[in-house]
Amino acid sequence: MKHKYIIAAVAALASLVACDKFLDTMPDNRTEIDSPEKVKALLGAAYSDHIYSMVTELLSDNMDNNRAVVTAEAGRLYQQIWRWEDVSETGNDSEENIWSSFWMAIGAANQALEAIEEMGGPSNPELSESYGEALLARAYAHFILVNVFCLQYNEETSVSDQGLPYMDKPEQGLNPKYDRGNVAQVYSRIDEDIQEGLKYVGDNYDVPKYHFNKQAALAFAARFYLYYGQYEKAVKYATDCLGDTPKTFLRDYADLQANYSEIGTARLAYNSTDQKANFLMMTGYSNMGLFWGNYSGSNKHYAFTEYIAQTESFLAPVPWNRTMLTESAFIWRPRTYPVGMLRYPIFWKIDYEFEYTDPVAGIGYRHTVYPCFTADQTLLDRAEALILLKRYDEALEDLNLWADNMYVDKVEMTLDMVHDFYSNMDYYQWDQPTQKKELAPRKPIVVDKGTLQESMIHLLLNCRRTETMGQGMRWFDIKRYGITIYRRAVNSNGDVVEITDTMGPDDLRRAVQIPLKSRDAGFEPNKR
């Protein structure tokens, strides 16, 4: 699904991706984007070919250090990410590749937009949907970059927190300098692109789920406005996306359980474009399939273990079942694999493909396919917005629908049941973990401690942690809700033997450091 073009737009953001040698000579045989067909093809490059998920999973509380059991080192790159250090290493899952590939995607979107304007703009019926797609792809890439490399949006400090340049045209110069602006400015520009893009986005693609189609665009809008604190808009766009019968779009876990019993086929089925639940798919170079697969070795040095699952994640008690859950509690059962003296529970959803560049030498690149937006995630985004609007009955309806689709038991939670469950649960401590972690969000998020609203948010966060396990989204909830997390080393019993670091709600490391090459090229680093 990836299209490669030698275009003038590749010169964009030279200082950001530090490709000085590449840019020394402009190629002579560049592709001229002069037809609707070429614009559509170019937009295949408006989506990053690297993903953020490995970095954000390692940063989050989904990964412990299992060094007391797993002796094979995961590699210095993963070590630096997990330790919340400023990364100096490179690799498929490196912050440098996330940074550069999302900026390159923005460059392709801007080149497409420039070509569209030269051919009549969105009023040209052959180009209107491409115009909408380009705007949404540009907005999405900026959205990921600002949420990974900047502090979380909040009304109190985002007007002064370091932002990123919002690139809205191809850059032709070499080694340009950029003003970082602030986070609030980036969000404002994303808002503008989403609103304009929604006017034109369509479904006229050969493989629509690898492009910003209508449902994907609405799901993106719902998530963006949730993060932006505009909760009524988040509810509106999620509802427009899911329609009057959201259950018809939720993932068919019974089909996955009944018909896909092997890890390879299960992964393919989960990430299939035939799945109604999948709204937008992307591909990327990544080792995610190793870390979240039934593989032993160094990839289990930093990993999600049964200890995390049972104490604070998807095997922990829930309001309708207050005992520790087992695999059989789920319609689509997770699998738990023993590796050495530890056990690793996983859902078979992180795809793993290998591209041989030299079959004889057996070398090449690891790939993954993953859904950026799904019906199940969008339902939870709407539920969160409803909780923050204090529309608890409606939120509970969504949460019951999500849970009933996930678990074998018929789930019919009440508000009293939820509040009783969480209000009687102790707050998490690193040596006595629970799924109830202290919340310290900044406006626009306001959660009153000890209230039904707090209990509902804890339920929502637990549901989303289960739904997005292995997909890197837990990190964004940690940032948005000011959740304190720890770097823990555990032994074969799951006991914490050492705390090496703590990240509180105001820790500046929550903004991933700008990659070294870009800092060396003059891009202002994040504050530390």
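The values are calculated or read from the model by the stated rules, or taken from the named source; none is laboratory data. Quick caveat: nothing in here was measured; it's all calculated off a predicted structure. For neighbour counting, all protein chains shown are included, and Cβ atoms are generated from backbone atoms with ideal geometry for every residue, glycine included. To get the accessible areas, we keep the full protein, side chains included, count just its heavy atoms, and leave off ligands, DNA and RNA. Shrake-Rupley method; radii C 1.70, N 1.55, O 1.52, S 1.80 Å.
Laid out as a table, the results:
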{"item": "Carbon + sulfur, % of accessible area of the stretch 366-432 - ligands and nucleic acids excluded, 1.4 Å", "result": "43 percent"}
{"item": "Once the Cα gyration tensor of the chain is diagonalised, semi-axes √(5λ) in Å", "result": "35, 27, 24"}
{"item": "Estimated FRET transfer efficiency (Lys410, Thr336; beta-carbon r; R0 30 Å; 0.05)", "result": "0.75"}
{"item": "Residue-level accessible surface for Asp351, protein heavy atoms, 1.4 Å, Å²", "result": "10 Å²"}
{"item": "Value of relative contact order over the stretch 210-350, rounded to a whole percent, pairs C-alpha under 8 Å and six or more apart", "result": "22 percent"}
{"item": "Mean residue ellipticity (222 nm) of the chain, computed from DSSP H runs ≥ 4 via -39,500 (n - 2.57), nearest 500", "result": "-12000 deg cm²/dmol"}
{"item": "Carbon + sulfur, % of accessible area of the stretch 437-496 - ligands and nucleic acids excluded, 1.4 Å", "result": "44 percent"}
{"item": "Heavy atoms of Glu454 accessible to a 1.4 Å probe, total area in Å² rounded to 10", "result": "10 Å²"}
{"item": "Heavy-atom accessible surface of the stretch 176-315: percent carbon and sulfur, 1.4 Å", "result": "47 percent"}
{"item": "Cα-based helix-to-principal-axis angle, 231-242 vs the chain, degrees rounded to 10", "result": "80 degrees"}
{"item": "Percentage of interatomic Cα-Cα distances in the stretch 245-387 larger than 20 Å", "result": "58 percent"}
{"item": "Three semi-axes of the equivalent ellipsoid, the stretch 421-478, Cα gyration tensor, whole Å, largest first", "result": "18, 15, 11"}
{"item": "Segment Ser188-Asp244, extension gain: residue separation times 0.36 nm, minus the distance between their alpha carbons", "result": "17.1 nm"}
{"item": "Cα principal axis extents for the stretch 89-164, largest first, Å", "result": "42, 36, 15"}
{"item": "Rg/Rg_globular for the stretch 211-258, with Rg_globular taken as 2.2 N^0.38 Å and Rg from C-alpha atoms", "result": "1.33"}
{"item": "Surface per residue (accessible, 1.4 Å probe) for the chain, Å²", "result": "38 Å²"}
